[in-house]
1. Largest first, what is the accessible-area ranking of 44, 470 with a 1.4 Å probe?
2. Cα centroid distance between region 320-392 and region 78-92, in Å?
3. With θ set to phi - 60°, apply the Karplus curve 6.51 cos²θ - 1.76 cosθ + 1.60 along region 455-471 and write out the HN-Hα couplings as whole Hz, x wherever there is a Gly or Pro.
4. Quick one: length gained pulling residue 321 to residue 199 fully straight, 0.36 nm per residue minus the C-alpha distance?
5. Would you please give the FRET efficiency between residue 291 and residue 236, computed as 1/(1 + (r/R0)^6) with r the Cβ-Cβ distance and R0 = 56 Å, to the nearest 0.05?
6. Quote the FRET efficiency, to the nearest 0.05, computed for residue 475 versus residue 77 with a Förster distance R0 of 35 Å and r equal to the Cβ-Cβ distance.
7. Using θ = phi - 60° and the Karplus curve 6.51 cos²θ - 1.76 cosθ + 1.60, what whole-Hz ³J(HN,Hα) does each residue of region 219-235 get, with Gly and Pro shown as x?
8. Order the following by accessible area, largest value first: 192, 49. Probe radius 1.4 Å; ligands, DNA and RNA are ignored.
Amino acid sequence: MGYKATWAVRILTGPQSGQIIPLAAGYNIIGRSPSCQIKLASNSVSKEHATILLTEDGKVLITDMNSRNGTFVNGLRVQNQKLAAGDKLTFHDVVIDILELPPGFDPRFVPGASPGGGLPMPSWAGNAAVAMQPQYAQPSGHPQDFQHMHEHASQHMPDPGALREEVEKPQAQYTGNAVLDFFENIRIYIDHVAMPGIYAVVQKMSYRQSLMMFIAIYVVMVTVVATVPMVTLTKKSIRQESVRRAKTIARNLALINRQAILEKNEIAATVRHAELEEGVTNAIIMAKDGTILAPANKRGEFAKLPFVNQARREERETEGFIGDSNLGVAVPIARYNPEAGQQEAAAYAVVIYDMGAQAMNSAQTLGLFLQIFFLAAVIGGVLFFFLVRVVEHPISTLGLQLDDALREGRDDLSTVYQWPLLEKLVSNVNSALSRAAHGGGGGYQSPNAVLNRDIEATNVVRMLPIPAISINAVDNRIITTNSAFDALVGSGLQLTGRPVLEIPDPALQANLADLIPRMRDQLGNIAFSEIPFSGLKYEINGQAIVGNSGEASWYLITLSGGG
């Protein structure tokens with residue numbers, strides 16, 4: 001008996017990674033519930049997350065079942081979507097893709113299709129052996145059973161080349177290049193680990209609050225990144241200038257006392273000139289044996305500073321840092337030694353210099369930080385202003401076009417912005433308007449099925465950038481609202497599924513009570529009214545969406561203006 005089903009899903013992430021599950025004709029429910037046809041082992045997946053419908057003519061359609069974290073196709077959140085081979089489906093932290101199985105491949109032998117053990121895969125299957133290992137009923141132990149199983153496996157085994165082509169598709173585009181694969185791993189981590197956390201944070205804020213948060217983080221990071229190296233460079237420059245200045249003072253001190261040392265008139269040695277220099281904390285003339293010649297009040301004492309004792313062993317200028325703020329410089333005072341026949345150090349001019357006189361203190365560092373922060377905040381504010389305008393303007397323009405289209409019954413929305421996501425949104429809105437105008441929905445529908453207009457109403461409202469609400473025409477029950485409507489009304493309530501009378505705003509209740517009869521009695525016409533919110537005047541527009549029976553199926557109400 002042949003099998004018409006030639007489609008399957010392959011799990012790419014999580015503990016079930018590599019598992020392939022065939023799609024049965026009709027509805028295949030995806031979720032974490034044991035009753036689902038495609039069970040995903042993740043707590044982030046809803047019990048019944050989505051359904052994949054395999055139609056009799058081979059089409060594959062996915063529908064989100066109002067899941068908590070949404071359903072994404074190739075990175076875009078969808079409610080209903082036709083699928084093609086290779087499409088990537090994301091259910092929060094689980095990613096799967098769609099496979100069109102090779103001709104002649106029996107889906108009963110895919111892991112997950114039936115319980116039981118399995119025979120080893122041939123060597124050509126490589127790493128695909130685990131994922132594609134055929135499943136059979138357990139043999140009874142008779143040799144005939146094993147022979148029958150091997151014959152059955154050879155009859156249904158697909159062509160090796162076709163199987164490798166379909167099954168051994170990499171989960172990520174690895175190239176074998178270590179650098180490129182490193183960046184590919186980073187991309188996967190960002191897409192599947194980092195970004196979901198960021199999305200969860202910004203979902204609790206308005207768009208402007210989210211953008212302001214990122215700009216604030218940018219300002220702080222720029223300030224820190226700019227301040228730290230600037231302070232480091234400043235300190236390095238101060239140290240270099242301190243060494244230069246201390247050497248100059250020590251050289252002058254050596255020059256002033258050179259004649260007295262050459263004449264061996266140590267009593268005439270003086271450090272008065274050096275002591276008057278700013279930043280000098282100590283200055284001495286030291287003999288070769290380490291005794292102090294000047295100043296007079298220390299003459300005859302032994303110099304005990306570690307730097308001084310090290311310096312007198314050198315026959316050249318030396319410098320060294322004493323702690324974090326002091327610098328020592330020693331300059332030799334040379335005279336000719338007739339016994340050795342060469343110049344040698346007879347004494348040293350030593351200067352201890354305090355770099356704190358020029359160093360950047362805490363107050364100066366804080367002042368520099370605040371200056372950079374102020375400049376970064378100004379630039380960040382300008383960036384915030386333009387980003388808000390650049391993003392909101394195309395959405396606002398699209399909202400005005402949609403408002404006119406709803407009034408005039410058109411489905412010709414367009415955008416001049418070359419943004420693929422916005423162009424996709426315009427296409428979806430035009431499709432929804434066209435379906436609403438003709439009172440029906442696309443996709444596969446069995447002859448005895450009842451069209452679920454709530455899904456259609458939910459899709460349209462979610463795609464609108466302006467405040468919108470959909471109401472069931474049969475019982476005046478709220479089908480759904482979008483985030484813009486919830487933010488405007490400010491109720492903080494979950495209005496989905498509640499009667500219109502439970503809307504907390506009395507003025508909005510009264511307006512809806514007036515609009516609903518007008519929309520129902522004047523099918524095809526736009527009913528409109530005005531209502532104030534927070535001191536701003538909004539225009540309410542309502543349109544009845546006609547069902548297959550020719551009567552109103554649900555109402556679409558939008559609010560625009562705010563001027």
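1. Details: 44 30, 470 0 Å².
Sorted descending by solvent-accessible area, the residues read 44, 470.
2. Region 320-392 and region 78-92 have Cα centres spaced 60 Å from each other.
3. Per-residue couplings from phi come out as 5, 4, 4, 5, 4, 5, 5, 5, 7, 7, x, 9, x, 8, 8, 10, 10 Hz.
4. Full-extension gain reported as 38.7 nm.
5. The computed FRET efficiency comes out at 0.95.
6. Values: r = 29 Å, r/R0 = 0.82.
Given R0 = 35 Å and the Cβ-Cβ separation, E is 0.75.
7. Each residue's phi maps through the Karplus curve to give 4, 5, 5, 4, 4, 5, 5, 7, 6, 4, x, 5, 5, 4, 5, 5, 4 Hz.
8. So the residues, ranked largest to smallest area, are 192, 49.
The values are calculated or read from the model by the stated rules, or taken from the named source; none is laboratory data. Predicted, not measured: the structure shown is a model, and the values here were computed from it. Every residue, glycine among them, receives a Cβ derived from its backbone with ideal geometry; neighbour counts consider all protein chains shown. Heavy atoms of the whole protein, side chains included, go into the accessibility calculation; ligands, DNA and RNA do not. Shrake-Rupley method; radii C 1.70, N 1.55, O 1.52, S 1.80 Å.
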